[in-house]
Amino acid sequence: MKIKCVIIDDEPLAISVIEDHLKNFDNIDVVETFNDPLKAFSILQQEKIDVLFLDINMPQMTGFDFIENLSHKPLVIITTAYREYAVKSFELNVLDYLVKPIPFNRFLKTINKVYQYLYLNNSSGDNTLNQEPHIFLKVNKKLVKVLFNDILFIESLKDYIKVVTNLGDYVVHKSLTAISEELPQSNFIRIHRSFTISINKINALEGNTIEIGDRRIPIGRNYLKQTKERIFNINNEDK
């Protein structure tokens, strides 16, 4: 099944930018776009929409008014030219806050948040995507889908990262902090200023090093206590 989304913005150009970004993702379907928020109410009440891209400053009513009047609220992503509404937006439990003009790299981070939420936080068990949990990485101008279960560890390379998987390595222009925030915290942990690992892929732990595959990865001094607590707690829970 595809992720269904609606875009509401009184600027046609802003809608076009979001639509162009979304064309890169085959499993996302733009159901409808609206310049007038009042006209969008019916489709959100009648059809199950997964994601709503919503501007704030619009005629008739603001994006905040629109959210507060929804009885069935999808994941909301604010798209606005103004930074000062971020705090109020997150008080309304929006998933993300995008400032125009929206660069694709920032947009990609938002889409990965959508995937993570739908996979890991859907208490109803409804598998909206009907696929294995994954993340999209921009590698050499191409979007590559990488399954969470295939990731062994991620290594920082200054302005880049190397994502090491069962199927190969991917070098991505992104920080280790940024990629770590996009991974499910239940299975990934940062153990060093240069390494984030998949807990499920650990073969052994010896002293201040972790063995994954044929690699021995150091645990940073500042990360040692929380790393061992996480690993041993998970092992105890699995018994």
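The values are calculated or read from the model by the stated rules, or taken from the named source; none is laboratory data. Note that the coordinates shown come from a computational prediction; the quantities given were computed from them, not determined experimentally. Quick reminder, even Gly has a Cβ in these numbers, built from the backbone with ideal geometry, and neighbours come from all protein chains shown. Accessible surface is based on the protein model in full, side chains and every heavy atom, while ligands, DNA and RNA are left aside. Shrake-Rupley method; radii C 1.70, N 1.55, O 1.52, S 1.80 Å.
Mind checking which aspartates and glutamates have their C-alpha under 13 Å from Lys73, skipping anything on the same chain fewer than 8 residues away?
Partners within reach: Glu47, Asp50, Asp65.
How large is the accessible surface per residue of the stretch 3-102, computed with a 1.4 Å probe and reported in Å² as a whole number?
Values: 4870 Å² over 100 residues.
Accessible area per residue: 49 Å².
Tell me, what HN-Hα J-couplings in whole Hz come from the Karplus equation 6.51 cos²θ - 1.76 cosθ + 1.60 at θ = phi - 60° for each residue of the stretch 59-64, using x for Gly and Pro?
x, 6, 7, 7, x, 5
For a quick check of your reading of the filter: which trypsin sites (Lys or Arg not before Pro) in the stretch 1-107 sit in a DSSP loop and have no more than 15 other Cβ atoms within 10 Å?
Qualifying residues, ordered by number: Lys2, Lys23, Lys48, Arg83.
Less than 14 Å Cβ to Cβ from Leu205, Lys/Arg counted +1 and Asp/Glu -1: what total charge do the surrounding residues give? Mind showing how you got there, number by number?
Values: positive: Lys201, Arg215, Arg216, Lys225, Lys228, Arg230; negative: Glu206, Glu211, Glu229.
For residues surrounding Leu205, the net value is +3.
What does the charge dipole of the chain about its Cα centre add up to, to the nearest 20 debye, if the Cβ of each Lys and Arg holds +1 and the Cβ of each Asp and Glu holds -1?
Working: 29 positive and 31 negative charges, 223 e Å.
Result for the chain is approximately 1080 debye, rounded to the nearest 20.
What accessible area per residue, rounded to a whole number of Å², is obtained for the stretch 167-225 using a probe radius of 1.4 Å? Numbers along the way, then the final one.
Values: 3220 Å² over 59 residues.
Per-residue value: 55 Å².
Just the number, please: carbon plus sulfur as a percent of the accessible area of the chain, 1.4 Å probe, no ligands or DNA/RNA counted. Could you put the intermediate results ahead of the total?
On the way: 5990 of 12760 Å².
Reported share for carbon and sulfur atoms: 47 percent.
When the helix-only estimate is applied to the chain (DSSP H runs of n ≥ 4, each -39,500 (n - 2.57), divided by the residue count), what is the mean residue ellipticity at 222 nm, nearest 500 deg cm²/dmol? Can you show the working numbers first?
Details: 7 runs with 68 residues, N = 239.
Counting only the DSSP helices, I get -8500 deg cm²/dmol.
Would you mind checking Lys109/Lys225; Lys113/Lys174; Lys145/Lys228; Lys23/Lys141; Lys23/Lys88 for any pair whose Cα atoms are more than 22 angstrom apart? Write out the running numbers ahead of the final one.
Working: Lys109/Lys225 29 Å; Lys113/Lys174 15 Å; Lys145/Lys228 30 Å; Lys23/Lys141 14 Å; Lys23/Lys88 30 Å.
Beyond 22 Å: Lys109/Lys225; Lys145/Lys228; Lys23/Lys88.
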